[in-house]
């Protein structure tokens, strides 16, 4: 095992030109992909908002529920992704292939489970977001729009999952251009489909929220087709796909290892996303105006959050690869440099968000009160962005070293025990304004930063989880 070496501060926190070039090559495609995705999501949101505030709220509610499924996909496949990344460092193609198969089987299970839940209990799930004081007619209309939107969106669960199976493995290999190209193409298809089907342009039927859902589903299938076809055509380059479907055999010891490391991630993402959904539900108690405003602010905030969110993947890939190669000193140095870079970029992004916080909500065709509330939410998001960026990097660093139990407590347990509990108490048992509550809950993440810093300094995450000799020790 490589001995721990004391690294000079300058070298620990700041890299050379080659280091930053590597970061740019890895992150830029994801940054472009995520930026375009969120720009179109913003336009999509605005288009639905043109139809009406109730329709926009309905779509926001369903997307919050679908968010739980998306995060379960991400978390479940991240377990195999940790091993795949370290197998890349160890140059083990069979290991990468087995991780792909694991995600294939897991993906089938997740789609079946999601369909079961959404088909059995759509109305109770949606109704959680309709405040008791909401006008009965508005509540019924919102529920109806949400049911229509959800029924179509369920058709897109399978292609979304297949795409994630491939993309998760490809990114472990450092391949980020293909997912970017596929995603950008799908985004453009979605945007054009929205324009045609929401408003009935060029002779197409005017379908409103149903049109928005149909456009999204079509774009999902386009994205899947591009990723799958290209990966198989370039099988000599992506060796893991060669013979990947000849059998579903995965060595039992690897299944147990992935399950051991991956289960906490799956449960973490499920419970974390459910916690975030319940957090939104807490805020929705204050009325449909809050639902609409948080929808607007979160859509805009996601556009600015792409920088530190993309950097999280860089942390996972670069740190995980170094750990898989047994280069522990390099892994420590890489983690520190990426965290400093991410927080620095988030400070710049925060300034940009503060400048745009007033202007962007004005493009929505909704009440002035909703736009003003959205602007205030955005200012709070900007203020807390560096706090969230640091916690985000801590999470991915810990995860790269296979410390999934630690990340479970760091992420999911914190969300329920601290963030949700604080929001629930303040919303239901006090008359504190919603903006003050939102600020208090957001600032709670500073506790995560302190815990994350302590864990990173301890070096508990510096592990090679694919080295057989170390695993047996």
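Once both axes come from the Cα atoms, what is the angle between helix 53-89 and the longest principal axis of the chain, in degrees from 0 to 90, rounded to 10?
Once rounded, one gets 0 degrees.
Full-extension gain between residue 247 and residue 91, please, as 0.36 nm times their residue separation minus the C-alpha to C-alpha distance. Mind showing how you got there, number by number?
Details: separation 156, 0.36 × 156 = 56.16 nm, distance 2.18 nm.
Net length gain for the segment: 54.0 nm.
Can you give me the C-alpha center-to-center distance between segment 390-454 and segment 250-295, rounded to a whole angstrom?
Result: 13 Å between the Cα centres.
Between the helical axis of 93-120 and the dominant principal axis of the chain, each derived from Cα atoms, what acute angle in degrees is found, rounded to the nearest 10?
20 degrees
Counting other beta carbons within 10 Å of each Cβ, put 376, 297, 247 in order, fewest first.
Ranked by crowding around the Cβ, least crowded first: 247, 376, 297.
If we count other beta carbons within 10 Å of each Cβ, what is the order of 369, 330, fewest first? Don't skip to the end; give the middle numbers.
Working: 369 11, 330 18.
With the fewest neighbours first, 369, 330 line up as 369, 330.
Determine the calculated [θ] at 222 nm for the chain from helices alone, applying -39500 (n - 2.57) to every DSSP H run no shorter than 4 residues and normalising by the residue count; nearest 500 deg cm²/dmol.
-26500 deg cm²/dmol
Enter the angle in degrees (range 0 to 90, nearest 10) between the Cα long axis of helix 368-400 and the first principal axis of the Cα atoms of the chain, meaning the one along which they spread out most.
It is inclined by approximately 20 degrees.
Kirkwood Rh, Cα Rg: Rg to Rh for segment 311-461?
That ratio is 1.06, to two decimals.
State whether segment 173-274 is rounded, prolate or oblate according to the following rule on the C-alpha gyration tensor (a ≥ b ≥ c being the square roots of its eigenvalues): a/c under 1.5 gives rounded; otherwise a/b larger than b/c gives prolate, and the remaining case gives oblate.
Taking the square roots of the gyration eigenvalues as a ≥ b ≥ c, segment 173-274 is oblate.
Please rank 120, 61, fewest neighbouring Cβ atoms within 10 Å first, as an exposure proxy.
So the residues, fewest neighbours to most, are 120, 61.
Residue 327 to residue 372: extension gain in nm, 0.36 nm per residue of separation minus the Cα-Cα distance? Mind dumping the intermediate values first?
Details: separation 45, 0.36 × 45 = 16.20 nm, distance 5.07 nm.
Length difference between fully extended and current span is 11.1 nm.
Hey, quick one: spin label on residue 11, modelled 7 Å out along Cα-Cβ, who in segment 311-335 has an amide N within reach, i.e. under 16 Å?
327-335
For the chain, which semi-axes, largest first and in whole Å, follow from the square roots of 5 times the eigenvalues of its Cα gyration tensor?
The answer is 36, 27, 21 Å, longest axis first.
The numbers here are math on the coordinates, done by the rules we state, and not lab data. Because the structure is predicted, anything quoted here is derived from the model rather than measured. Every residue, glycine among them, receives a Cβ derived from its backbone with ideal geometry; neighbour counts consider all protein chains shown.
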